[in-house]
Amino acid sequence: MTVNTESITIKQQLKGRDFLTLADYSADEIAYLLELAAQLKEQRKQGNPEQPLQGKTLGMIFEKSSTRTRVSFESGVYQLGGTGLFLSTSDIQLGRGEPISDTAQVLSGYLDGIMIRTFSQSEVEELAKYASIPVINGLTDSYHPCQVLADMQTIIELKGTLQGVKVAYIGDGNNMAHSLMIGAAKMGMDIRIAAPAGYQPDPAITEQAKSFASGNNIVVTESPVEAVKDADIVYTDVWASMGQESEQQQREKAFAGFQVNTDLLAYAKPDVSFLHCLPAHRGEEVTAEVIDGEQSAVFQEAENRLHAQKALMTALMG
Ligand code: CP
Ligand code: NVA
């Protein structure tokens, strides 16, 4: 799909919008963001970046830990000429019970955008409902759309396209699996999710993703081998997400056959690439041999968080 980043229509469509899930964005809008991300990456290499967010401030609310999301948003907004404010819920009144609706209206008077990482998607939706400025989902228990924007940028760099690319996701049917399914469905990738019974993606989200797919396949299976066969991309994530630490042991048992290792990767295409949103647990969901091996593109993927989110902030807040 070719997109013109000078397109006035798409620019107008995106300005002021929230980014809560990829489900709310059309294929054209996602393609525009990915093209802009590629341009911003190139501009940064050339050392002549534009600064469309001069004088603007992004508030970043974190109720969960973060390395990549925090640092890429904060440095990204700075590179675009603006400022990022780190707001831990243990420091702001939200963490002491101030209503989200009040927080949203107060922050809308000070800021130009809010990024939030929290537990429930409904909190992010509530924030967006009452805020008059763009709200960006920096991860909930349900979705991680910023990660998938960066993942798609990485897949384009690795495979030259998204259309027809076969992605295998092995492991927990979690926020990553959900956003990957939606992104794949929208952008014409085939995706096969292999997860053990009891840990498969939310059926409602799987159905939603299928409703966006046209010709491309979305398959959920319990067989990692079936998922990985002939895959261009093999993706995994932690077995216990943030907030599920107490389930670690139980999950290690449930996911025992779902490790991405060289034996499993052998079923994929010879030029398969390995992706992981990070942080990773070597020896659990992936072996060190795979994540530190030649097929791994995880650090390219992590870097692209910066470029993809700069595109997002430019489009929404610029
Ligand atoms: N992938 C990702 O979101 O990483 P952080 O939890 O470090 O932000
Ligand atoms: N599924 C993981 C992703 C971390 C970026 C979590 O929610 O903890």
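Name every residue in the stretch 132-149 that is buried (at least 22 other Cβ atoms within 10 Å of the Cβ), among the polar types (S, T, N, Q) and touching a residue at least 40 places away in the same chain (Cβ under 8 Å), in order of residue number. Those that are buried (at least 22 other Cβ atoms within 10 Å of the Cβ), among the polar types (S, T, N, Q) and touching a residue at least 40 places away in the same chain (Cβ under 8 Å): ASN137, GLN147.
Report, by residue number, each residue of the stretch 31-75 that is β-branched (Val, Ile, Thr) and within 16 Å of ligand 1 (Cβ to nearest atom). It would help to see each step written out before you state the result.
So in the stretch 31-75, the residues β-branched (Val, Ile, Thr) come out as 57, 61, 67, 69, 71.
Correct list: ILE61, THR67, THR69, VAL71.
From the list GLN309, GLN259, the one residue that fits, being at pLDDT 95 or above and surrounded by fewer than 20 Cβ atoms within 10 Å (Cβ to Cβ), is GLN259.
Counting only residues that are surrounded by fewer than 15 Cβ atoms within 10 Å (Cβ to Cβ) and touching a residue at least 12 places away in the same chain (Cβ under 8 Å), which one in the stretch 287-306 is farthest from GLN153 (Cα to Cα)? I'd like the intermediate steps shown before the answer.
Within the stretch 287-306, the subset surrounded by fewer than 15 Cβ atoms within 10 Å (Cβ to Cβ) is 288-289, 292-294, 299.
Then drop every residue that is not touching a residue at least 12 places away in the same chain (Cβ under 8 Å), which leaves 289, 293.
Numbers: GLU289: 24, GLY293: 21 Å.
Ranking the candidates gives GLU289 first.
Looking for something surrounded by 20 or more Cβ atoms within 10 Å (Cβ to Cβ), touching a Phe, Trp or Tyr at 6+ places or on another chain (Cβ under 9 Å) and over 23 Å from ALA31 (Cβ atoms) - is there at least one such residue anywhere in the stretch 205-222? No, there is no match, as no residue in the stretch 205-222 is surrounded by 20 or more Cβ atoms within 10 Å (Cβ to Cβ), touching a Phe, Trp or Tyr at 6+ places or on another chain (Cβ under 9 Å) and over 23 Å from ALA31 (Cβ atoms). Among the conditions (1) more than 16 Å from ligand 2 (Cβ to nearest atom); (2) buried (at least 19 other Cβ atoms within 10 Å of the Cβ); (3) not small (Gly, Ala, Ser), GLU284 misses just one, which is (1).
Of the residues contained in the stretch 216-233, none is found to be within 16 Å of ligand 2 (Cβ to nearest atom) and either under 18 Å from SER273 (Cα atoms) or in contact with a helix residue (DSSP H, G or I) (Cβ under 8 Å, 6 or more places away or on another chain) (or both).
Every residue, every condition in (1) more than 20 Å from GLY318 (Cα to Cα); (2) surrounded by 14 or more Cβ atoms within 10 Å (Cβ to Cβ); (3) hydroxyl-bearing (Ser, Thr, Tyr); (4) within 16 Å of ligand 2 (Cβ to nearest atom), yes or no:
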residue: PRO49; (1), (2), (3), (4): no, yes, no, no
residue: LYS56; (1), (2), (3), (4): no, yes, no, no
residue: SER66; (1), (2), (3), (4): yes, yes, yes, yes
residue: ASP91; (1), (2), (3), (4): yes, no, no, no
residue: SER101; (1), (2), (3), (4): yes, no, yes, no
residue: TYR130; (1), (2), (3), (4): yes, yes, yes, no
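Mind checking which residues of the stretch 76-93 are within 14 Å of ligand 1 (Cβ to nearest atom) and farther than 15 Å from ILE116 by Cα? Listed by number, the list holds a single entry, GLY76. Quick check: anything in the stretch 245-257 within 16 Å of ligand 1 (Cβ to nearest atom) and without any contact (Cβ under 8 Å) to a residue 60 or more places away in the chain? Among the residues of the stretch 245-257, at least one is within 16 Å of ligand 1 (Cβ to nearest atom) and without any contact (Cβ under 8 Å) to a residue 60 or more places away in the chain, which makes the answer yes.
The values are calculated or read from the model by the stated rules, or taken from the named source; none is laboratory data. Computed from a prediction, not measured in an experiment: that's the story for all the values here. Don't worry about glycine lacking a Cβ; one is built from the backbone with ideal geometry, like all the others, and counts go over all protein chains shown.
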